[in-house]
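In what follows, a structure is listed as structure tokens, so that the remarks can point back to it.
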Amino acid sequence: MNQRRPAPGQSLDTLYATDQPRQDFRFDESVARVFPDMIRRSVPGYTTIIPMIEVITEQYVQPGSRCYDLGCSLGASTLAMRHGMPASGCTLVGVDNSPAMIERCKHYIALDDHPQPVTLRCEDILETDISDASVTTLNFTLQFVDPARRVELLTRIAEATRPGGVLILSEKIRFDSQAEQATQTRLHHEFKRANGYSDLEISQKRSALEQVLIPETLDEHRQRLEAAGFRDMAVWYQCFNFVSMLAFKPD
Ligand code: GEK
């Protein structure tokens, strides 16, 4: 598994390669520029999860409904959803509150020639309008939302979802067991080392994310999804401390 070099056309992420003062991580222009390389080398399973979002969308999209990608960044999961949708009658909306991400996302969407139209909104997912949904994706986005507002967001999504519709929720998680937390964190850091990040890059990025990315346990996710109105949660993917779940709107 050598992913040290960026894929063709991608810029190498060296944002934390030199010693620098601690600052909270932000989705600004410098991050948007290297984002495809950053997320591929930082999130175990990302390159498996993206194509599976297409497979899952294809299974659960309903005729005439809306599909949402909340926290779409550069549109990797938006494009996966697009390719899983029937050619007509549905709406696909990507939402992100980072202007730098949305600007670049427009470019990637335009390069793809699938006939399904895509609407991009530069908005806060806590405020954006959601209705008549069949498939909604939160691919590593909920972890950046204020924990106190997560139930409100999930409740709004559940209320806006048709019976039989699905939420695809991917998150970095934490573990109640200290031993498991230590093991999974160490393996995640080994994954980053194997992908060419130095110890300095790993520790500076970790500290920049500390107040910004707040992981929760699988139990916390399950309980909140249920409280929000979803049922039958299923973890369909896990690699170390990164998981992807499905949660269904009951009939
Ligand atoms: C992918 N899903 O490639 N409102 C709107 N956008 C937000 C908010 C918010 N409140 N909070 C964070 N974001 C993508 C990857 S990245 C995950 C998602 C990561 C946006 C933020 O601007 C960023 O683009 C995205 O959520 C999170 O499949 O970097 O680990």
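Some points to look at:
- Scattering profile of the stretch 12-112 at q = 0.17, 0.19, 0.21 Å⁻¹ [log10 I(q)/I(0), Debye over alpha-carbon scatterers]: -0.82, -0.98, -1.13
- Under the convention that each Lys and Arg Cβ holds +1 and each Asp and Glu Cβ holds -1, the size of the dipole of the stretch 24-142 around its Cα centre is about 280 debye.
- Angle between the chain longest axis and helix 99-111 axis [Cα atoms, degrees, rounded to 10]: 70
- Taking packing as the residue-averaged number of other Cβ atoms within 10 angstrom, the listed peptides 176-183, 68-75, 37-44 run from highest to lowest as 68-75, 37-44, 176-183.
- Straight-line cross-link reach from Lys172 at under 19 Å between alpha-carbon atoms covers these lysines, not counting any fewer than eight positions away in the same chain: Lys192, Lys205.
- Note on the chain: GNM, Cα springs under 10 Å; of Ala227, Ala32, Ala110, the largest mean-square fluctuation is that of Ala110.
- The angle separating the long axis of helix 150-160 from the principal Cα axis of greatest extent in the chain is about 30 degrees.
- One way to sum up the overall shape of the stretch 137-251 is the equivalent ellipsoid from its Cα gyration tensor, whose semi-axes run 29, 14, 12 Å, largest first.
- On the basis of the beta-carbon distance and an R0 of 30 Å, Glu220 and Arg186 show a calculated FRET efficiency of 0.85.
- Under conditions of 20 °C and 1.002 mPa s, the stretch 129-196 yields 149 µm² s⁻¹ as its translational diffusion coefficient, taking Rh as the Kirkwood radius over Cα pairs in the Stokes-Einstein equation.
- Space enclosed by the convex hull of the alpha-carbon atoms of the stretch 71-168, per residue, Å³: 91
- About the Cα centre, charge dipole magnitude for the chain (Lys/Arg +1, Asp/Glu -1 at Cβ), debye: 500
- Karplus 3J(HN,Hα) series, Hz, for the stretch 13-18 with 6.51 cos²θ - 1.76 cosθ + 1.60 (x for Gly, Pro): 7, 10, 4, 10, 6, 10
- Label sites at Thr14 and Val151, each approximated as a point 7 angstrom past Cα along Cα to Cβ, lie 4.7 nm apart.
- 222 nm mean residue ellipticity, helices alone, for the chain (DSSP H n ≥ 4; -39,500 (n - 2.57); rounded to 500): -12500 deg cm²/dmol
- Folded to 0 to 90 degrees: helix 46-60 orientation relative to the chain principal axis, Cα: 10
- In the context of the full protein assembly, Cys122 retains an accessible surface of approximately 70 Å², using a probe radius of 1.4 Å and ignoring ligands and nucleic acids.
- Overall dimensions of the chain by Cα: Rg and Dmax, Å: 17.6, 54
- Relative contact order, whole percent, for the stretch 32-144 stands at 31, derived from Cα pairs under 8 Å and 6 or more residues apart.
The values are calculated or read from the model by the stated rules, or taken from the named source; none is laboratory data. If you're wondering where the values come from, they're calculated on a predicted model, not measured in any experiment. Neighbour counts run over all protein chains shown; Cβ positions are idealised from the backbone, glycine included. Keep in mind that these areas ignore ligands, DNA and RNA; they rest on the heavy atoms of the full protein, side chains included. Shrake-Rupley method; radii C 1.70, N 1.55, O 1.52, S 1.80 Å.
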